[in-house]
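Participant: The structure under discussion is supplied below as structure tokens; questions concerning it will follow.
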Amino acid sequence: MINTQLINSDCLAAMKNMADNSVDSIVTDPPYGLSFMGKKWDYDVPSKEIWVEALRVLKPGGHLLAFSGSRTYHRMVVNIEDAGFEIRDQIMWIYGSGFPKSHNISKAIDKAAGVEREVIGIGRSGAPETHSSSYNMSKGGSQEMGGEYEITKPTTPKAEQWDGWGTALKPAHEPIVLARKPPIGTVVDNVLEHGTGGLNIDDCRIEAGKDHAKNTNRKSVKGHWGQSEGAESEAHKNGRFPSNVILDDEAGEILDEQSGHLKSGNMDSIAKGGQFNAYGIQQKRHTTQIGDEGGASRFFYCAKASKAERDAGLEAFESKKSQLNSGGIGRKISVEKRLKEGEENAPTMKNIHPTVKPIRLMQYLCRLVTPKNGIVLDPFMGSGTTGIAANLEGFNFIGVEMDKEYIEIARARIAHSGDYVIGEDLVMKRIKQPTLFDFAV
């Protein structure tokens, strides 16, 4: 039976009560330190002290995956490294749903000069779902937010000089740090003793013969799927070797549009570089290639998100004005501005958490770093997406969240996702070490 434990507490206090070496992996989406929407919990990245406790409760060789913002990744990863983790890699989650929060310098110059700009047309921008709200950008909004906006021309010479200049790029990725608690002895020793220390490569390979961006089948793969002699090739019966780039559906489609239709060679060639035999003759080395075709997205895992998954299981909850983010930081920024401006059509949802990640994305990450029947810990659980993902992958889960409303949302979402027991204590309590005072008469 898969078990889930939800803890309504500050994560530092909760982890201090957990036993050493009691969880197999940590997969989390912590605060990015961006002060998003004025939220107190997002005023800074998690401290070194928090990551020290995370290191203690994680088994030797266990992995940590933690999302962060592109501007504050360095602060997050330095704290993690200073806590004692080994920084192994960075996974890049690339999405196509972001909106720029860029200041239009030309418009700002005309506004400061107190002059009106001539309207020369009407444009539309943003994702299709924003168009349906018919949000009028001329009401103080910006072109980048999505919907309808007025196209204007500069009035003053200075504004004309700076026409087309802004202050920010479109957000389109969130880095994920891949860190590991140092193993004890060799990796082999650690894996055999603690069951942790490696990455689940084969179960996270990129399936060949499938267009991940459009979810349609490619031509069947022909030819060799075995390993090459003398070296590991990309060709494998389970697909391509997983990379440190993950795409969402929209990013995958954009990439395929840019790359066009490609075809990989289907070959079993003889390559140079094999070992020399006893007679000094270099032996032949076979290299195999995956013979398939499609867009460039087929080289990466694409995390397809369901539009209905955010509110699934929350039928009894009241709908509220959402601080919506069904994608990355860019969409959070878009809705933040709409809410501040009193937009009547600002989205209402039952899951009001602002940073909900796709379930399939979190499933992939849990599967990558968690051994069979392992325990996944999320110290910053939010609305429970990691818990849903861990349970769907067959892992037990411990989620810590200090906001009671988010805890109840997470409880309902996880219960809806499957027949899971919620509430059982999955880890040993930390045993207080005796001191000299305990023996004093």
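Participant: Gln5's amide H: which non-local residues (gap 5+, or another chain) put their own amide H closer than 5 Å, with H modeled 1.01 Å from N in plane and none for Pro or chain starts?
Facilitator: Under 5 Å from the amide H of Gln5 lie the amide H atoms of Phe397, Ile398, Gly399, Gly423, each far enough along the sequence or on another chain.
Participant: Would you mind checking Lys16/Lys372; Lys48/Lys404; Lys107/Lys158; Lys107/Lys153 for any pair whose Cα atoms are more than 19 angstrom apart?
Facilitator: Lys16/Lys372; Lys48/Lys404
Participant: Output ³J(HN,Hα) for region 237-243: one whole-Hz value per residue in order, computed from phi by the Karplus curve 6.51 cos²θ - 1.76 cosθ + 1.60 with θ = phi - 60°, and x for Gly and Pro.
Facilitator: 4, 9, x, 6, 4, x, 9
Participant: What is the sum of charges around Ile87, taking Lys and Arg as +1, Asp and Glu as -1, for the other residues whose C-beta is under 10 Å from the C-beta of Ile87?
Facilitator: Value of the local net charge: -1.
Participant: Further question on the same structure: Please report the net charge: other residues with Cβ closer than 13 Å to the Cβ of Glu393, K and R +1, D and E -1.
Facilitator: Value of the local net charge: +1.
Participant: So, one more: In nm, what is the difference between 0.36 nm times the number of residues separating Asp163 and Glu116 and their Cα-Cα distance?
Facilitator: Stretched out fully, the Asp163 to Glu116 stretch lengthens by 15.4 nm.
Participant: Return the distance in nm (one decimal) between the two label points of a simple spin-label model at Asp189 and Asp202, each offset 7 Å from Cα along Cα→Cβ.
Facilitator: Each label point lies 7 Å from its Cα, and together they span 2.7 nm.
Participant: Just subtract the alpha-carbon distance of Lys153 and Ser47 from 0.36 nm times their residue separation and send over the number in nm, one decimal.
Facilitator: Here the segment from Lys153 to Ser47 would lengthen by 33.4 nm.
Participant: Would you mind classifying region 1-120 by shape? Square roots of the alpha carbon gyration tensor eigenvalues, ordered a ≥ b ≥ c; an a/c under 1.5 is rounded, otherwise it is prolate if a/b is larger than b/c and oblate if not.
Facilitator: prolate
Participant: Once amide H atoms are built 1.01 Å from N in the peptide plane, which residues 5 or more positions from Val245, or in another chain, come under 5 Å H to H?
Facilitator: Those lying under 5 Å, H to H, from Val245 are Met92.
Participant: Still on this structure, I have one more. For region 52-109, just list the percent of Cα-Cα distances falling in each 10 Å bin from zero outward, please.
Facilitator: Spelled out bin by bin, region 52-109 gives 17, 38, 21, 15, 7, 2 percent.
Participant: With θ taken as phi - 60° and the coefficients 6.51, -1.76 and 1.60, list the Karplus ³J(HN,Hα) couplings across region 376-385 in order, rounded to whole Hz; mark glycine and proline as x.
Facilitator: Along region 376-385, the couplings run 9, 10, 10, x, 10, 5, x, 8, x, 4 Hz.
Taken together, the values in this text are just the output of simple stated rules run on the coordinates, not laboratory data. Note that the coordinates shown come from a computational prediction; the quantities given were computed from them, not determined experimentally. Here the Cβ is made from the backbone with ideal geometry for all residues, glycine too, and neighbour counts use every protein chain on show.
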